[in-house]
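What follows is a short report on a single structure.
The values are calculated or read from the model by the stated rules, or taken from the named source; none is laboratory data. From a predicted model like this one, the values you see are computed outputs, not experimental measurements. So basically every Cβ, Gly included, is an ideal-geometry build from the backbone, and we count neighbours across all protein chains shown.
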Amino acid sequence: MFKKFNYLTLALAGAFLLTACGGSSNKGGSSDELTFNDSLANAAPLELSEEVMSDVIQNISSPVEMASLIKSTGVDFSQKILNKPEQIDNYNTSFKRALNLGVYSADLGYINTFDKNTIVVSYLVSIKSLAEGIKVGQFFDFNSLKRLATNSNNLDSLMQISISSFNKMDSYLRNQKRSNVSSLIVTGAWIEGLYISGKVIEQTNNKSLINRMAEQKEIINILEIILNNYSNQPNFAELSERLAKLKTAYQGVKITTEIGEPKTMEVDGKLVIVQDEISHIEVSPEQITAIISEINALREFIVS
Amino acid sequence: MKKSLYSILFLLTMFAFAGHAQCGDDLLKQALKEMGSSQYIKDFTIELVKEKKDLKTGYIKFSIFLNSNTQYKFNVANGPANTDKVIMQLKDKEGTRVLASNLYNGKTYDEFSYVCRKAGVYNLLFSFKGGQEGCAKAVLSLVKQMP
């Protein structure tokens, strides 16, 4: 009996110590989920290490913020500008699946921001299908998401859980040294966020949105680093070339920084800090038109 | 002697289990609850432990992109076994200048709001006072966007 306890204790100690040290990033994975034998398999050595890539990818702006800014303009929700859920049948390669997983994630953020729960499920189905196609379906608890989507009181939770699922998936991919997949998802999401914004700008000419679109200039440089890192693969090289055209359209955008007064205050027991640096953006209507045109072309390449 | 060994192993097991439970999903749920009505963007896991050779724990760093004219909230839920609250620092891209921190006038706050006026890459650092060990979950959320 005592000997049994001994073995059991050792086994438990080992198991718990392993899980305690393992962190959250390894959850939900099994060895077969790492198999990825098509166009996204890494063959050649990377110019940047996976660690650096991981750090760089984290710097891509969240499409949810863009969706929130769009809503604040007062413009009506428009489903027709989104990528259609039934389009997933056209995405037969891991490259396209990963890119469009990002596209649908941005669409989902836009849909959730406008509380359009009637169409959420069809987008969740597409996301689930694409995620399974690139072996990361385990991060989407479809039944829970569907349950939340069908109850209008749970829309905040739906938003939170879906973003969290994407974050966990992204973290998992990077930890599994599949930053190439992760980079495509964030690229797709970022482009779709800009595409939706472009449509709203064409409709409203909203100054805040124009400035937000213009200040994404810095992201282009980050994406360029990411995608060039995999340019030994033809599909990545093509995407990089198309992104270069967008970068050219952004060249005329001027961003200057002025140093202002930093402020730290306590408001109702909470700490509020106002940044001392203030950026100023100079962008002409012609430049914005050219940027939107390149975004539309890039988005067409991704979703077609 | 044998009995003591079993006791130590048992305690070690329980300790590992407790440590894992304290810094897991429940702590994240707490941080999300304390986020309030802000819009969730991202969460961060902080687990700082001393290696055998170390006298102190260091810090853990995350890169983030913040947009201008936007108010963000950074809030944190501390592990129940932490000796002190975790210190959050928002630094510039180069990591040389502290732009915001939850440690202000000697008090460690559980959150701070940051009004970002320049879009770009920033670094978010977490550490414990005196290099102690500890764990925490932090959440970055969107409070509002200014026109």
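Only one of A:LYS217, A:LYS247 is on the phi < 0 side of the Ramachandran plot and touching a Phe, Trp or Tyr at 6+ places or on another chain (Cβ under 6 Å); which? Reasoning before the result, please.
Working: A:LYS247 fails: touching a Phe, Trp or Tyr at 6+ places or on another chain (Cβ under 6 Å).
Selected residue: A:LYS217, the only one of A:LYS217, A:LYS247 that is on the phi < 0 side of the Ramachandran plot and touching a Phe, Trp or Tyr at 6+ places or on another chain (Cβ under 6 Å).
Residues that are crowded, with 20+ Cβ neighbours inside 10 Å and in contact with a Gly (Cβ under 6 Å, 6 or more places away or on another chain) occur in region B:23-34; there is at least one. Being in contact with a Pro (Cβ under 7 Å, 6 or more places away or on another chain), surrounded by 23 or more Cβ atoms within 10 Å (Cβ to Cβ) and in contact (Cβ under 8 Å) with a residue 40 or more places away in the chain is a condition met by at least one residue of region A:191-202.
Cβ separations smaller than 7 Å between residues 6+ apart or across chains give the following pairs from region A:226-251 residues that are within 15 Å of A:VAL181 (Cα to Cα) and in contact (Cβ under 8 Å) with a residue 60 or more places away in the chain to residues that are surrounded by fewer than 20 Cβ atoms within 10 Å (Cβ to Cβ) and small (Gly, Ala, Ser): A:ASN228/A:SER240; A:ASN232/A:ALA44; A:GLN233/A:SER39; A:ASN235/A:SER39.
Only one of the numbered conditions (1) among the hydroxyl-bearing types (Ser, Thr, Tyr); (2) modelled with pLDDT of 90 or more; (3) touching a helix residue (DSSP H, G or I) at 6+ places or on another chain (Cβ under 6 Å) is violated by A:TYR230, and that is (2).
When you check A:ASN206 against the structure, is it buried (at least 17 other Cβ atoms within 10 Å of the Cβ), within 14 Å of chain B (Cβ to nearest Cβ), in contact with a helix residue (DSSP H, G or I) (Cβ under 8 Å, 6 or more places away or on another chain) and not charged (D, E, K, R), yes or no? Considered against the rule, which asks whether it is buried (at least 17 other Cβ atoms within 10 Å of the Cβ), within 14 Å of chain B (Cβ to nearest Cβ), in contact with a helix residue (DSSP H, G or I) (Cβ under 8 Å, 6 or more places away or on another chain) and not charged (D, E, K, R), A:ASN206 comes out as yes. Among the residues of region B:58-65, not a single one is farther than 21 Å from A:SER171 by Cβ and in contact with an Asp or Glu (Cβ under 8 Å, 6 or more places away or on another chain). One residue alone among A:SER197, A:SER165, A:SER182 is touching a Ser or Thr at 6+ places or on another chain (Cβ under 9 Å) and among the polar types (S, T, N, Q), and that residue is A:SER182.
Restricting to region A:194-235, what's the tally of residues that are among the aromatic types (Phe, Trp, Tyr) and closer than 15 Å to A:ARG299 by Cα? So that I can check it myself, show each step before the final result.
Pass one, region A:194-235, residues among the aromatic types (Phe, Trp, Tyr): A:195, A:230.
Narrowing the set further to residues that are closer than 15 Å to A:ARG299 by Cα leaves A:195.
Matching residues across region A:194-235 total 1.
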